[in-house]
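In what follows, a single structure is set out as structure tokens and then discussed.
What follows draws every value from the coordinates through simple rules; no lab data is involved. Remember, it's a predicted structure, so these values are computed and weren't measured experimentally. Note that we place each Cβ from the backbone using ideal geometry, even for glycine, and neighbour counts take in every protein chain shown.
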Amino acid sequence: MVDFDSVIDRKGSGSLKWDKYLHEDIIPMWVADMDFQAPQPVLSALREQIDFGVFGYTLPPGELVELICTRLFNRYSWGVDPAWIVWLPGLVSGLNAACRSCGHPKSKVLTLTPVYPPFLSVPAYSDRELITVQMENGNGHWIMPMDKIQDKLSADSKLFLLCNPQNPTGRVYTGNELIEISNLCLKHDLILCSDEIHCDLVYEGHKHIPIASLNSEISERSITLMSPGKTFNIPGLGCSFAIIPNRSLRSQFCKIKKGIVPDINILGYTAGLACYKYGEPWVNELLDYLTQNRDFVFKTFNQDINGTSLNQIEGTYLAWIDIRNLNVKNTYDFFYKHGVGVSDGVYFGNNGFFRLNFGCPKSILEKGIERIKHAIDSI
Ligand SMILES: Cc1ncc(COP(=O)(O)O)c(C=O)c1O
């Protein structure tokens, strides 16, 4: 059994999440990494590589490519040709390269809000215009208003940036929803970039479907972004990849990143390979643990704390909590003053919400939520 209850003292370890508050008593529940060690076989593989002691430029291991293709086929019946894989040191680089690969300056890029903040900033970096559509609250879970999306599209729209499973709402889109998006992209001649970094962190009763696996038409206009980073908690090792079936889109994407986006380093590849080769039992245990944390968060914010609510969390270790009823002016400052570092919803495109990362030992989660309760009681 993996011990997810153990508290690892990450303060002073150079952790972005913890060292933001190095000299303060703040519980960090913001950036999306978990407070757990990576799976033991991954640590062993890294140790072996360190003992080898030579850290030269590295080719993608053939075994890793095979593992990815087999895994995608076994999980989703998605047949991926190894030639479609483009390696990336991070998914955000992939989002940027996707924007630059489609259309031209002033072209429009559409996405749904709330969303992981780089989705909102990336289009402007390539002089594209961002168009957003607000997700709607439909009976306890977030839905995409297809009619409103349709209304916002024009001849200049070239790219749909999709996040599935969705950060921050935790939605895992159904086959029917994905078919609707896919049809829309076909109808309006849009390229679809689907960020699926959270695809393995999906709870019972839900199923991840890579949108590109639906049919060959959408596959031909897709860029799918994936990584072992979130699943196995190695986001800082920078091992990610894009899957781009269409040859000319892929060559455009590769041209854009050439000489700017570096290759993956040897430790990233080593860890990625060990994750996909040996990490599945660990992920299964992780999902059991996260399910309990998720249920605790869901109950607490829907039943135990007045003025807060949240929709079902179908995937990810992130909770998107609605505090509009509390009329808090500056969400980040409010919780910070009470000893918790959360992600303010404003950066995801929605005021009056915050994102809470529950990928941590239960004791940390309880302590953080206790402080949040005190903060709200103080209003
Ligand atoms: C949806 C999504 N995409 C991308 C990233 C970041 O990926 P990377 O660190 O590989 O750039 C995150 C991290 O939180 C994320 O949640």
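Taking 0.36 nm per residue of separation and subtracting the current Cα-Cα distance, fully stretching the chain between Asn139 and Lys362 would add 77.4 nm. Sequentially through segment 82-96, phi angles give Karplus couplings (6.51, -1.76, 1.60; θ = phi - 60°) of x, 5, 7, 7, 10, 7, 9, x, x, 6, 5, 4, x, 4, 5 Hz, Gly and Pro residues having no value and appearing as x. For His206, the amide hydrogen comes within under 5 Å of no other amide hydrogen, counting only partners 5 or more places away or on other chains and with H modelled in the peptide plane.
Here is the size of segment 47-94 from its Cα atoms: Rg then Dmax, 13.9, 39 Å.
So between Lys20 and Ile179, what do we pick up on full extension, going 0.36 nm a residue minus the alpha carbon distance?
Value of the extension gain: 53.1 nm.
Between the listed residues Leu249, Pro60, Leu178, the Cα displaced farthest toward the positive end of the dipole of segment 48-278, a dipole computed from Cβ unit charges relative to the Cα centre, is found at Leu249. Among the listed pairs Lys230/Lys367; Lys207/Lys230; Lys17/Lys108; Lys158/Lys257, a Cα-Cα separation exceeding 27 Å is found for Lys17/Lys108. With a simple spin-label model that places each label point 7 Å from the Cα along the Cα-to-Cβ direction, the separation between Thr70 and Asp3 comes to 3.2 nm. Put a plus charge on the Cβ of each Lys and Arg, a minus charge on the Cβ of each Asp and Glu, and nothing anywhere else: the dipole of the chain about its Cα centre is then about 960 debye. Calculated FRET efficiency, Arg247 and Glu370, Cβ-Cβ r, R0 45 Å, to nearest 0.05? Calculated value: 0.25.
Projecting the Cα atoms of Leu225, Thr291, His141 onto the dipole axis of the chain, where Lys and Arg carry +1 and Asp and Glu carry -1 at the beta carbon, places Leu225 farthest toward the positive end.
Computed FRET efficiency, Cβ-Cβ of Glu63 and His188, R0 41 Å: what is it to the nearest 0.05? E(calc), rounded to 0.05, equals 0.55. I need the shape label for the chain. Rule: rounded when a/c is under 1.5, else prolate if a/b > b/c, else oblate, with a, b, c from the alpha carbon gyration tensor. Oblate.
Quick one: Debye curve from the alpha-carbon atoms of segment 83-152 only, equal weights, vacuum; give me log10 I(q)/I(0) at q = 0.14, 0.15 Å⁻¹ to two decimals. Each listed q corresponds, in turn, to -0.52, -0.59. For the Cα trace of segment 162-264, dividing Rg by the Kirkwood Rh returns an Rg/Rh value of 0.98. Can you give the percent of C-alpha pairs in segment 1-45 whose distance is more than 12 Å? Counting every Cα pair in segment 1-45, those more than 12 Å apart make up 66 percent. Take the Cα of Asn302, step 7 Å toward its Cβ, do the same at Ala124, and the gap between the two points is 3.6 nm. Listed values for segment 190-201 are Karplus-derived 3J(HN,Hα) couplings in whole Hz (6.51 cos²θ - 1.76 cosθ + 1.60, θ = phi - 60°), namely 9, 7, 10, 10, 10, 7, 10, 4, 9, 5, 8, 9, and x replaces Gly and Pro. Shown in residue order for segment 19-32 are the 3J(HN,Hα) couplings computed by the Karplus curve 6.51 cos²θ - 1.76 cosθ + 1.60 at θ = phi - 60°: 7, 4, 10, 3, 9, 10, 8, 10, 8, x, 10, 10, 3, 7 Hz (x for Gly and Pro). Note on the chain: antiparallel DSSP beta bridges, both residues inside, total approximately 50 percent of the bridges counted.
Here the label points at Arg47 and Asp147, each 7 Å from Cα along the C-beta direction, are separated by 6.1 nm in the simple model.
Can you show me the helix-derived [θ] at 222 nm for the chain, built from DSSP H runs with n ≥ 4 at -39,500 (n - 2.57) apiece and divided by the number of residues, rounded to the nearest 500.
Working: 13 runs with 142 residues, N = 379.
One gets -11500 deg cm²/dmol as the mean residue ellipticity at 222 nm.
Name the shape class, rounded, prolate or oblate, that the alpha-carbon gyration tensor gives for segment 1-145, where a ≥ b ≥ c are the square roots of its eigenvalues, rounded holds for a/c under 1.5, and otherwise prolate holds if a/b is larger than b/c and oblate otherwise. Verdict is oblate for segment 1-145.
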